[in-house]
Amino acid sequence: MKPIEIKNLKFGYNKERLVLDNINLSFEPNTITSVLGPNGSGKTTMLKLILGLIKPADGEIFVFGTELKQIPLKERAKLLAYVPQKHNAVFDYKVIDVCAMGRAAYSGVFSSVSKKDLEIAMQSLEKMRISHLADKPYTQISGGEQQMVLIARALAQQAKILILDEPVTGLDYGNQIRLLKTLRDLSNEGITCIKTTHYPEHALWTSGHAVFMRKGKVLASGNTSEIVNSDNLRAIYDTEIVVLQRPIDENSVSTCVPLF
Ligand code: ADP
């Protein structure tokens, strides 16, 4: 069963203009799917619709075969975890407490965070290699570190589907690569990852699937190795980019190089 299936999806923030126009897509289980497209092509809007944060004008979204609107909110939180693009910290919670908020779907409305929840939160911080930040105030760590905490919070949620909106933004190069490796490990462990990205080479490095969007429509979708090619990159970014493939040790490594 597909983790997410989107059928004939239409959406507009106002009546005059459709931001998403008849999207039909399915996402593969235990796979990383990279959603690429220029600014304003509708990537974030599509993620918000999948999360149920906004409602379609038309069409359906199915999560593991059940229509999203039939799934109670608490159950949705066990299926879908979200790492948003921007997050303005208001309260001075400790990092471990921010991470433990990912456990909300598992506790009662009035119950406090259990020892088990804190253990799971700590494991998530360890997975992101930031357990040393556990007792620091969230507002007093760097933007990149906050991003890593939000990803740890999503991991603590233990959802089957992880949705990340430009997750590498603000991360240094090492943390970008570590994040991509973590996503690859998670997909090997049975988590479906859907991420938007401005880096087609990141889609190649994590292999899996890619979706190319332009002006609210899906231009192409399928295996990353087939979809990420010069023709599609030119069509969405209006610039010349070559895809290079080189054998390194026993592996074949691909990357994108823009022509200046
Ligand atoms: P992307 O993530 O690909 O950059 P978005 O989904 O954020 O694109 O935006 C798609 C279109 O919807 C853009 O034209 C954007 O201006 C518009 N849009 C996004 N959010 C809103 C909003 N809250 N109200 C009105 N228009 C919006």
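Every number here is computed from the coordinates shown, using simple stated rules; none is lab data. Owing to the predicted nature of the structure, the values given are computational and were not obtained by experimental measurement. Every residue, glycine as well, gets a Cβ built from its backbone with ideal geometry; the counts of neighbours run over all protein chains shown.
Across segment 1-123, the relative contact order, built from alpha-carbon pairs under 8 Å that are at least six residues apart, equals 24 percent.
Extension gain, Gln85-Arg129: 0.36 nm per intervening residue step, less the Cα-Cα distance, totals 13.8 nm.
Compared with the alpha-carbon gap, the fully stretched path from Glu16 to Thr66 is longer by 14.9 nm at 0.36 nm per residue.
Counting only DSSP beta bridges whose two residues both lie in segment 121-260, roughly 75 percent are antiparallel. A simple spin-label model places the labels of Leu53 and Lys2 2.3 nm from each other, with each point 7 Å out along Cα-to-Cβ.
For the chain, the mean residue ellipticity at 222 nm estimated from helices alone is -9000 deg cm²/dmol, where every DSSP H run of n ≥ 4 contributes -39500 (n - 2.57) and the total is divided by all residues, rounded to the nearest 500.
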